[in-house]
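First comes the structure, then the notes that go with it.
Read the figures in this text as sums done on the coordinates, not as results from a lab. If you're wondering where the values come from, they're calculated on a predicted model, not measured in any experiment. Reconstructed Cβ throughout: ideal geometry from the backbone, glycine too, with neighbour counts over all protein chains shown.
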């Protein structure tokens, strides 16, 4: 019976384990140093805000793992011997510098689902007490501890985790200053209109959002505790010192591959190679390099989830895509390969979602921040200023290529079908009600949306079907 | 600031409300005994209570306990002599206590009503209304830090209070006689007489549904579904359950809560109720036909089209209280597989019990025989159902356990009507909660805040529709979902996704 070992019990590793179990009888071991059981990382914020407790974030009961013969091992991996097919564990409390080893385990197939780790860009003071990112359960614990009695916090970096952290701290009555390098929130991902809505909404929720503002250094007190930060001076605003007792670093995440890295010597002045060789000769760049089958360059070793860098990304995809859903899809895919049917990683139409305070966001297909030359865009915004829909479509044949929605829930299945079968913008707008996934009695905006399109383009499209209460029932 | 002030007023009013229980002096007179005892028992009573008559008691507890002891003695004798019709029940004791009372509370009922109920409502609203100024959206902040909502000292205290209240209400109403007095002004206004314990309970119930309904609407005001649903609950409780029956009895008609359906309304086929309906002319017959039509036709048809939510979270009184007063405790329901298993045994067991009990009662009604199949004593079936299910389970446990086991303990584990509605919902209904493709992030908000203890996430993360007999369709899972994954829908019965797809939407790998 072959032994499949998975390092990492996040969504990728656990999805892989579950699907391998569904399709085979092999021995499965999942190793994690973070927690005993799988929990939903995306729900960490709700624990801090008191919506849930840690136990609620565990999607499976603790008895699930034994019932499904998935062995769980709580340990940090120290190193891997790819030749011998063996993992060596760190001793508890091992500070990583000593060469002590706390046991080992052999594998036939190894899946690396190592996740990622918050970025730190070498700021002065970035290792002071009270400075941290938010990714792991341990991050949550230290956040809980350091923010117990503080009054002011600064968050650096405007991404999804930044907004979440702002909401979290604000819920505890902490005054939050949010430094964002860009001139509008998340405008490297979002088109300007959507970005403006979020920027406005963040401010409405009493967060002191400082746009075009970059961190210069973090200042500590005599006890090595953060007491303030200084921003860089720029054309828009002079540098200033902001008092705070906590600094959240949310400037993105990087693949968590320190375990596999070996010291590379001085690279200054040399051209950056396409990859470097890590422990045992595994190919690394920003992440673990894999081919389209999620195989690394070492036989029987695979990588999935956040720690992966695709050498040949699927069409229209980036080579690093650190999203819950892609982690899950990679887990589903690798299970096929492990159980004997070598299968390419083939995510379908891109989709994602998030929530910015009270604004729900969904996206399907491609909606880049800057409109490509061959793509046209249609944008509608409701007068409340927190609900909007954007649909991008091909200038050449009118087929829809992507959409963003704030405040209106849309059906994944319908949009997936519309985009993959290249339905025209007019077809989509006429049938938009079909995609509506809002609860009953919610106001529907399809007519308003269509009217705007008609006015802008001089067309006279008609709504095909309106979601009617009684027609839906009978 | 305003909210803190409101909370202080509410707590003060609640404290005063509890204090009113000891506020009166009591004097039992022979006049009172004459009014409350049947002629043939009057002499016994006069002898039994000779030492109490014309004595003034300043301690209500002493008076009520002495009185109750005396009654107990009398009943003991009647039991021994098999003189059942002489026995004295709670309502008589209650009215003796009320009649014996004198003092500040008796003389100032209206003022004391304002000071307790009025101030409590005022304080609660001051606490609730300012929430509307905050941005609309799900705000469950701090629930798990709140000792009232997490089975900590405050939750346990509230639970203890509620349990004691129900025990007193059902079994020792004489101890809360003063609370019925507080409601007398309202009772006089609506039906012209003094408040019975059930009127007092109905009033308290309705006020709770209304005030906490306002809280619920403000909390979930970003969802029109929640607003309309809550208005429906408030309407049915106030107009159909509370006021309409009083109007009926004012008109000398048999009164009935028109939305209460057998087998939740387990006494529907009891002989005294059947006799009353059959002897009240056309209107009585209408009520009888209405009551039968509701469970024979109304339930299956409505559940087929809308799911059981049309009743459980839109109309029902128990559901109404759970959704409003009980909303702060919804996260306390147990989501484990084990709880689900217990739930299935218990609730269907109660349904079976209710059916057998009713068959027994009808058998006795039509044949006059007190033994169903020759060996099942129908009277004790009836009384044990009333005691165990009607009083203990639905009242004491059903509401008293809100802060301990969540707000739907009764609806989930005990209600026979919910079991009946649920069987139809599970097997033949257009209703389901649809999950949205691959968008679930397994965060667990839906499961955590499901009052029925359904592990919603287990379905959502698999891309499977939620078709569960227990789902009451409150819509909170959909409201708290941060990614727009869940939606309550009615569509073709065959279109419910009952088996999870192999892999979720978004993965195009070849099969």
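So how do A:405, B:29 line up by other beta-carbon neighbours within 10 Å, fewest first?
Ranking A:405, B:29 by Cβ neighbours within 10 Å, fewest first, gives B:29, A:405.
Can you tell me the FRET efficiency between residue B:73 and residue B:30 if r is taken as the Cβ-Cβ distance and R0 is 22 Å, rounded to the nearest 0.05?
Calculated value: 0.75.
Would you tell me the mean number of C-beta atoms belonging to other protein chains that fall within 10 Å of each C-beta in A:327-337, as a whole number?
Counting Cβ atoms of other protein chains within 10 Å of each residue's Cβ and averaging gives 3.
Can you figure out the FRET efficiency of residue A:279 with residue A:448, using R₀ = 56 Å and their beta-carbon distance, to the nearest 0.05?
Between residue A:279 and residue A:448 the formula returns 0.45.
Please give the calculated 222 nm ellipticity per residue for chain A, where each DSSP H segment of at least 4 residues contributes -39500 (n - 2.57) and the sum is spread over every residue; nearest 500 deg cm²/dmol?
Theoretical 222 nm ellipticity from helices: -6500 deg cm²/dmol.
Give me B:314, B:340, B:262 ranked fewest to most by other Cβ atoms within 10 Å of their Cβ, as a rough exposure proxy.
Lowest to highest Cβ neighbour count: B:340, B:262, B:314.
Hey, could you get me the Stokes-Einstein D for region B:314-375, Kirkwood radius over alpha-carbon pairs, 37 °C and 0.692 mPa s, rounded to whole µm² s⁻¹?
The Stokes-Einstein estimate is 220 µm²/s.
Using the scaling law 2.2 N^0.38 Å as the reference, what is the normalised Cα Rg of region B:225-297?
Rg over 2.2 N^0.38 Å, computed on Cα atoms: 1.20.
Relative to 2.2 N^0.38 Å, what does the C-alpha radius of gyration of region B:428-495 come to as a ratio? Two decimals please.
For region B:428-495, the normalised Cα radius of gyration is 0.99.
For the pair residue A:144 and residue B:153, what calculated FRET efficiency results from E = 1/(1 + (r/R0)^6), where r is the Cβ-Cβ distance and R0 = 22 Å, to the nearest 0.05?
It comes to 0.50.
Whole number please: convex hull volume per residue of the Cα set in region A:173-236, in Å³?
100 Å³
Counting each DSSP H run of 4 or more residues in chain B as -39500 (n - 2.57), what helix-only mean residue ellipticity at 222 nm follows after dividing by all residues, to the nearest 500 deg cm²/dmol?
Calculated from helices alone, the mean residue ellipticity at 222 nm is -16000 deg cm²/dmol.
Give me P(r) over the protein assembly as shown, computed from all C-alpha to C-alpha distances, binned every 20 Å, as integer percentages.
11, 37, 31, 16, 5, 0
Can you pull the semi-axes for region A:115-233, root of five times each eigenvalue of the Cα gyration tensor, sorted largest first, whole Å?
For region A:115-233, the ellipsoid semi-axes come out as 23, 16, 15 Å.
What's the exposure ranking of B:239, B:474, going from fewest to most Cβ atoms within 10 Å?
Lowest to highest Cβ neighbour count: B:239, B:474.
Kindly identify region A:351-473 as rounded, prolate or oblate by the Cα gyration tensor criterion: order the square roots of the eigenvalues as a ≥ b ≥ c, call it rounded if a/c is under 1.5, otherwise compare a/b with b/c, prolate if a/b is larger, else oblate.
rounded
Would any residue of region B:192-213 have its amide N under 14 Å from a label point 7 Å out along Cα→Cβ of residue B:125? List them or say none.
Inside the label zone: B:207-208, B:210-213.
Taking every pair of alpha-carbon atoms in region A:208-308, give the share separated by more than 18 Å as a whole percent.
64 percent
Report, in cubic angstrom per residue, the convex hull volume of the C-alpha atoms of region B:235-390.
About 147 Å³ per residue, rounded to a whole number.
Expressed as a rounded percentage, what relative contact order does region B:25-102 have, with Cα pairs under 8 Å and six or more residues apart?
46 percent
Over every pair of different alpha-carbon atoms in chain A, take the mean of 1/r and invert it; report that Kirkwood radius in Å.
Result for chain A, one decimal place: 24.6 Å.
Put a dot 7 Å past each Cα toward the Cβ at residue A:79 and residue A:129; how far apart are the dots in nm?
Output for this residue pair reads 3.3 nm.
How long are the semi-axes of the equivalent ellipsoid of region B:360-443, defined as square roots of 5 times the Cα gyration tensor eigenvalues? Whole Å, largest first.
38, 20, 8
What angle, in degrees between 0 and 90 and rounded to the nearest 10, separates the Cα long axis of helix B:337-367 from the longest principal axis of the Cα atoms of chain B?
Between the helix axis and the principal axis of chain B, the angle is about 50 degrees.
For region B:25-102, state what percent of all Cα-Cα pairs lands in each successive 5 Å bin, counting from 0 Å until the bin that includes the largest distance.
Spelled out per bin, shortest first, that is 3, 16, 30, 28, 14, 6, 2, 0.
So what is Rg over Rh here for chain B, counting just Cα atoms and using Kirkwood for Rh?
1.00
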